[in-house]
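Trainee: Here it is, the structure, as structure tokens.
The values are calculated or read from the model by the stated rules, or taken from the named source; none is laboratory data. This is a predicted model, so every value here is computed, not measured. Cβ coordinates were reconstructed from backbone atoms using ideal geometry, including for glycine residues, and neighbour counts include every protein chain displayed.
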Amino acid sequence: MGFSHTLALNFGLNLAVPNQTLRFCGHLSSFWVGIAIGVLGIIPRALANPTPQSSGNTESNTDPQALQAPINPVWQLEASDASTLVFPKTSTMAEIEVSSDGVPRTELRGEAVFSLIQTAGHRPNSGDPLRPSFGNRIRLNFETRFSGEDRLRLRLQTTNVAELDDVFDTDLARLSIQGDDQNRVSLSRLDYQFPIGDDTNVFIQAIGGSISDIADPLNPRLSSSSRGAISRFGQRNPLYRQGGNAGVGLAHDFNEQINLSLGYLGDDLDLFSDEESIAFAQLTFDPTDSIRLGLLYTYGLNGLDSGTGSHLANDPFADQSKAIAAHSVGLQGTADITEQLTLSGWAGYTRATATDLPSHPQADILNWAFTIGYSGLFRDDDLGGLVIGRPPHVLSRSHQTSPPWHIEVLYQIRMNDHITITPGIVVITNPEADLNRSTIVVGTLRTLFRF
């Protein structure tokens, strides 16, 4: 029995679900041993087999039925992510196949990300010297297809990467991967999508959903947390992070150029509570094969905190309001200038109103960025990336100084189909618009193993 089958059947863990814990037999160490065996098992083969160059040979050992399945949205590049790519059939990927004639089939895909982080800058809550930190995130995706055109996805995850928003007391420093699960494995994603006819897809998000799972954020080169931008802000317009993580949505293609996506997301424990909810709609227009534009509108309640902005942008009313209604509009686009060069960008505006305070005070919040992705910069299959922009900040405040700048540079080195190494640096000037705080600098070396 191969590694992946052994892992799927034998690892033990405490599975954390909101407000409850599901216990499985075995021991957590079995999970880590399985991960280590899998990662170490692919390294010799991966290093011995560098990334193949393109050739005229069109033969492939990819399952023909997998090619007949509908193409999942290309923007879901988190190892959501992994389902959007075609993997070679190897002993490192399990495919538990009951039948090829309409009987459910489950695939197991996984990734392990290891990050070395060094930072510089003033930390308001600590006087300890800055030291490098090392962390990891492990994901296992179980993807089941019942009809060949639908997908049920269950993700197990554990993350132990320095939380720089706590270190520097600002979400502006937050990375694309961070968290402190204390070596516990949690159910981080549970969703189901299926088609209605040829032009409509329905999305049901139970755990870990977001607007970007349904509506395309149009930052194709950098939207992945493991193979894209180093920072959380650099992945996509923060408006896509508003609202809760459970709900429903649909995407409909009117024709090859126009798509309408809409949905509702709320709290996973109480879908229609007043704690955090959002309704959204996006019209995506493809005027040419190389240009895509999207117009997003959202109306949300208590969902301003995207984990990317200043304290004031996350809560303009200083924790005095428990009923913040927000109308937001986002414009984003991407253009393939050449086969190698892609330019993308966005702008997001929010009008927030404290509906439970006298006189209903309001705040205007703005963010914008543009990104560059250049494949084959120094080597075939490598990717150079640049992000420049201003994270969410409040406008029209007399006491606020110039908002922070976000500058990010990364270079993704694709060693082969299984291993990718990404060094990068993020610079945040004028954090929290506080002239007394020094510039934040974050350097990372991220290594991704996929199996």
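Trainee: Kindly establish whether Pro403 is more than 30 Å from Pro287 (Cα to Cα), in contact with a His (Cβ under 6 Å, 6 or more places away or on another chain) and either aliphatic (A, V, I, L, M) or not in a strand (DSSP E or B) (or both).
Mentor: Values: more than 30 Å from Pro287 (Cα to Cα): yes; in contact with a His (Cβ under 6 Å, 6 or more places away or on another chain): yes; either aliphatic (A, V, I, L, M) or not in a strand (DSSP E or B) (or both): yes.
Taking the combined requirement at face value, the residue satisfies it.
Trainee: Just need a number here: residues in the stretch 288-320 that are of a type in the set (A, V, I, L, M, F, W, C) and either within 16 Å of Gly247 (Cβ to Cβ) or in contact (Cβ under 8 Å) with a residue 60 or more places away in the chain (or both). Explain how you work it out, then say what you get.
Mentor: Looking only at the stretch 288-320, we keep the residues that are of a type in the set (A, V, I, L, M, F, W, C), and these are 291, 293, 295-296, 301, 304, 312-313, 317-318.
Retained after the next criterion (residues that are either within 16 Å of Gly247 (Cβ to Cβ) or in contact (Cβ under 8 Å) with a residue 60 or more places away in the chain (or both)): 293, 296, 301, 304, 312-313.
Within the stretch 288-320, residues that are of a type in the set (A, V, I, L, M, F, W, C) and either within 16 Å of Gly247 (Cβ to Cβ) or in contact (Cβ under 8 Å) with a residue 60 or more places away in the chain (or both) number 6.
Trainee: Hey, could you check the stretch 373-400 for residues that are part of a loop (DSSP other than H, G, I, E, B) and in contact with a Lys or Arg (Cβ under 7 Å, 6 or more places away or on another chain) and say which is modelled with the lowest pLDDT?
Mentor: We begin by selecting, within the stretch 373-400, every residue part of a loop (DSSP other than H, G, I, E, B); these are 376-382, 395-400.
Next cut, in contact with a Lys or Arg (Cβ under 7 Å, 6 or more places away or on another chain) only: 381-382.
Working: Asp381: 91, Asp382: 96.
Only one residue fits best here, namely Asp381.
Trainee: Mind checking which pairs have a first residue in the stretch 390-405 that is closer than 16 Å to Leu172 by Cα and a second that is aromatic (Phe, Trp, Tyr) and at pLDDT 90 or above, Cβ under 8 Å, 6 or more apart or different chains?
Mentor: From the stretch 390-405, the pairs are Arg390/Trp368; Arg390/Trp405; Pro391/Phe233.
Trainee: Looking for whichever is part of a loop (DSSP other than H, G, I, E, B) and at pLDDT 95 or above here; the options are Thr350, Thr298, Thr338. Which one fits? If you could, list the steps in order and put the result at the bottom.
Mentor: Details: Thr350 fails: part of a loop (DSSP other than H, G, I, E, B); Thr298 fails: part of a loop (DSSP other than H, G, I, E, B).
Answer to the check: Thr338.
Trainee: Can you name the residue in the stretch 353-362 that is free of Cβ contacts under 8 Å to residues at least 24 places away in the same chain and either out of contact with any strand residue (DSSP E or B) (no Cβ under 8 Å at 6 or more places or on another chain) or not in a strand (DSSP E or B) (or both) and is also surrounded by the most Cβ atoms within 10 Å (Cβ to Cβ) among such residues? Full working, then the answer.
Mentor: Taking the stretch 353-362 as the starting set, the residues that turn out to be free of Cβ contacts under 8 Å to residues at least 24 places away in the same chain are 358-360, 362.
If we keep only those that are either out of contact with any strand residue (DSSP E or B) (no Cβ under 8 Å at 6 or more places or on another chain) or not in a strand (DSSP E or B) (or both) as well, we get 358-360.
On the way: Pro358: 6, Ser359: 6, His360: 11.
The residue in question is His360.
Trainee: List every residue pair whose Cβ atoms sit under 8 Å apart, with the two residues 6 or more apart in sequence or on different chains, where the first one lies in the stretch 181-205 and is in contact (Cβ under 8 Å) with a residue 60 or more places away in the chain and farther than 21 Å from Leu260 by Cβ and the second, anywhere, is of a type in the set (Val, Ile, Thr) and surrounded by fewer than 17 Cβ atoms within 10 Å (Cβ to Cβ).
Mentor: What qualifies is Ser186/Val17; Leu187/Val17.
Trainee: Can I ask one more? When you go through Pro217, Pro238 one by one, which is the residue that is buried (at least 24 other Cβ atoms within 10 Å of the Cβ), under 17 Å from Ala326 (Cβ atoms), in contact (Cβ under 8 Å) with a residue 24 or more places away in the chain and of a type outside the set (Gly, Ala, Ser)?
Mentor: Numbers: Pro217 fails: under 17 Å from Ala326 (Cβ atoms).
Criteria check complete, one pass: Pro238.
Trainee: For the stretch 270-287, state whether one or more residues are touching a residue at least 12 places away in the same chain (Cβ under 8 Å), assigned to a loop (DSSP other than H, G, I, E, B) and polar (S, T, N, Q). First the steps, then the outcome.
Mentor: Initial filter on the stretch 270-287 (touching a residue at least 12 places away in the same chain (Cβ under 8 Å)): 271, 274-287.
Those still in the list that are assigned to a loop (DSSP other than H, G, I, E, B) too: 271, 274-276.
Then keep just the ones that are polar (S, T, N, Q); that gives none.
Within the stretch 270-287, none of the residues are touching a residue at least 12 places away in the same chain (Cβ under 8 Å), assigned to a loop (DSSP other than H, G, I, E, B) and polar (S, T, N, Q).
Trainee: Yes or no: the stretch 222-242 includes at least one residue that is of a type outside the set (Phe, Trp, Tyr), closer than 19 Å to Tyr299 by Cβ and in a strand (DSSP E or B).
Mentor: no
Trainee: Among the residues of the stretch 407-442, write down those that are more than 20 Å from the chain's Cα centre (by Cα) and small (Gly, Ala, Ser).
Mentor: Ala433, Ser438
Trainee: Also, quick follow-up: Among (1) buried (at least 17 other Cβ atoms within 10 Å of the Cβ); (2) under 25 Å from Gly228 (Cβ atoms), where does Leu295 come up short?
Mentor: If we test Leu295 against (1) buried (at least 17 other Cβ atoms within 10 Å of the Cβ); (2) under 25 Å from Gly228 (Cβ atoms), just (1) comes out false.
Table: residues versus (1) on the phi < 0 side of the Ramachandran plot; (2) at pLDDT 95 or above; (3) within 17 Å of the chain's Cα centre (by Cα).
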position	(1), (2), (3)
Asp101	yes, no, no
Leu116	yes, yes, no
His122	yes, no, no
Arg131	yes, no, no
Leu140	yes, yes, yes
Asn160	yes, yes, yes
Asp171	yes, yes, yes
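Trainee: In the stretch 406-444, what residues are touching a residue at least 40 places away in the same chain (Cβ under 8 Å), farther than 15 Å from Pro124 by Cα and not β-branched (Val, Ile, Thr)?
Mentor: Residues satisfying the conditions are His406, Glu408, Leu410, Gln412, Arg414, Met415, Asn416, Asp417, His418, Gly424, Gly443.
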